[in-house]
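Structure, as structure tokens:
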Amino acid sequence: MSADQSTPSPARGPAIQVRGLEKSYQKLHVLRGVDFDVTPGSIFALLGSNGAGKTTVVRILATLLKPDGGTAQVHGLDVVTRAARVRESISLTGQFAAVDEILTGRENLVLVARLRHLSDPGRIADDLLGRFALTDAAGRRVSTYSGGMRRRLDIAMSLIGDPPVIFLDEPTTGLDPQARLEVWQAVRELARQGTTVLLTTQYLDEAEQLADRIAVLHHGRIIADGTLAELRQLLPPATVEYVEKQPTLEDVFLAIVGDTGTGSTGSTRTDATVAAVRPDGTSS
Ligand SMILES: Nc1ncnc2c1ncn2[C@@H]1O[C@H](COP(=O)(O)OP(=O)(O)OP(=O)(O)O)[C@@H](O)[C@H]1O
Ligand SMILES: [Mg+2]
């Protein structure tokens with residue numbers, strides 16, 4: 001399902017725009033006003049701990065779940081009122097691989113291309129197998145694939161029809177380091193070709209490696225949003241040690257999340273939480 005010609009050009013505005021997004025499950029108020037923008041053709045990482053609401057955001061953006069409040073747009077199209085149009089320009093690779101184990105890799109791809117009524121499903125499958133370094137394994141049942149191969153096939157499947165926006169929900173969870181590198185390479189390649197990628201991850205190094213922009217979802221809100229360099233600036237340049245050794249994204253994450261068990265909701269960064277992890281070990 002490629003975007004039709006009337007799909008607004010991604011160049012006209014953010015590929016994804018989220019404003020004041022709210023969502024509760026019964027009494028559990030998971031999203032409490034989430035805001036962020038994703039630039040077309042960029043890789044945007046949504047970071048958060050288990051249960052932070054990352055998958056909830058992705059499911060809303062992918063039109064699978066309705067928000068209780070706020071708005072979300074993909075290429076200027078509202079995900080609630082223009083859901084069908086939004087679905088034409090997105091694809092979702094869920095948190096759990098959606099490939100069919102009994103089929104071969106190639107059969108999986110051909111099946112999806114057929115379901116999407118695309119012409120020449122075989123050629124589409126072969127192109128994607130090549131792009132994701134799966135040509136040699138194309139004729140093998142997926143049940144014989146490694147985790148990394150499955151994940152790459154899963155991502156390949158979600159690219160059928162060339163969606164301009166792709167959501168990857170924890171694309172490398174459970175993968176070994178080599179398989180993670182392979183998936184990272186595939187994601188970078190996507191962005192290089194102009195696809196907008198929104199990925200969720202709990203792995204700080206993944207965001208650090210891949211993302212043009214990183215947002216931290218915590219207690220229902222985005223508590224930090226910026227490039228890696230911008231997020232690093234959230235830490236005070238307190239000591240010589242800090243100057244010599246750049247903080248990792250993990251330092252920044254722990255500082256801004258500052259989960260000291262206050263149970264507060266939608267907390268914003270405070271100097272106190274940052275001070276708690278100053279690289280020189282002192283507090284202010
Ligand atoms: N359908 C549902 N019904 C009730 N509660 C839900 C439902 N889906 C999610 N939740 C709860 O909402 C919260 C956020 O879930 P979500 O799956 O969005 O988090 P996440 O950030 O993706 O977590 P993880 O890193 O574990 O994937 C969790 O507490 C979860 O238990
Ligand atoms: Mg999740």
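A short reminder: the numbers here are calculations on the coordinates, not readings from a lab. Just so you know, these numbers come straight off a predicted model, no measurement behind them. Positions of Cβ are generated from backbone atoms using ideal geometry, with glycine treated the same way; all protein chains shown enter the neighbour counts.
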Subject >> Point-charge dipole on Cβ atoms (K/R +1, D/E -1) for the range 1-156, about Cα centre, debye to 20 >> reply: 260
Original post:
Hey, rough spin-label estimate for Q178 and D162, points 7 angstrom out along Cα→Cβ, what's it come to in nanometres?
Top reply: 3.4
Original post:
If one puts a single equal scatterer on every Cα of the range 25-132 and applies the Debye formula without solvent, what log₁₀ I(q)/I(0) results at q = 0.13, 0.21 Å⁻¹?
Top reply: -0.66, -1.21
Subject >> GluC sites (Glu not before Pro) within the range 77-155: DSSP coil, no more than 15 neighbouring Cβ in 10 Å >> reply: E101
Subject >> Relative contact order computed over the range 61-171 (Cα-Cα under 8 Å; 6+ residues apart), in percent >> reply: 35
**OP:** Hey, could you grab the Kirkwood Rh for the range 98-162? Inverse mean 1/r over distinct alpha carbon pairs, Å, one decimal.
**Re:** 11.2
Original post:
Can you list residues whose amide H is under 5 Å from T104's amide H, if they're 5+ apart or on another chain and H is modeled 1.01 Å from N?
Top reply: V142
Subject >> For L92, residues with placed amide H under 5 Å, excluding near neighbours >> reply: F167
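Normalised by the number of residues in the range 104-151, what is the relative contact order in percent for Cα pairs under 8 Å and 6+ residues apart? Before the final figure, lay out each step's value.
Working: 35 pairs, mean separation 21.1, N = 48.
Dividing the mean separation by the residue count of the range 104-151 yields 44 percent.
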Original post:
Excluding G148 itself, what net charge comes from residues whose Cβ is under 13 Å from its Cβ, given Lys and Arg +1 and Asp and Glu -1?
Top reply: +1
**OP:** Output ³J(HN,Hα) for the range 65-72: one whole-Hz value per residue in order, computed from phi by the Karplus curve 6.51 cos²θ - 1.76 cosθ + 1.60 with θ = phi - 60°, and x for Gly and Pro.
**Re:** 9, 8, x, 8, x, x, 9, 9
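For the range 65-167, give the magnitude of the charge dipole about the Cα centre (Cβ charges: +1 Lys/Arg, -1 Asp/Glu; no others), in debye to the nearest 20.
60
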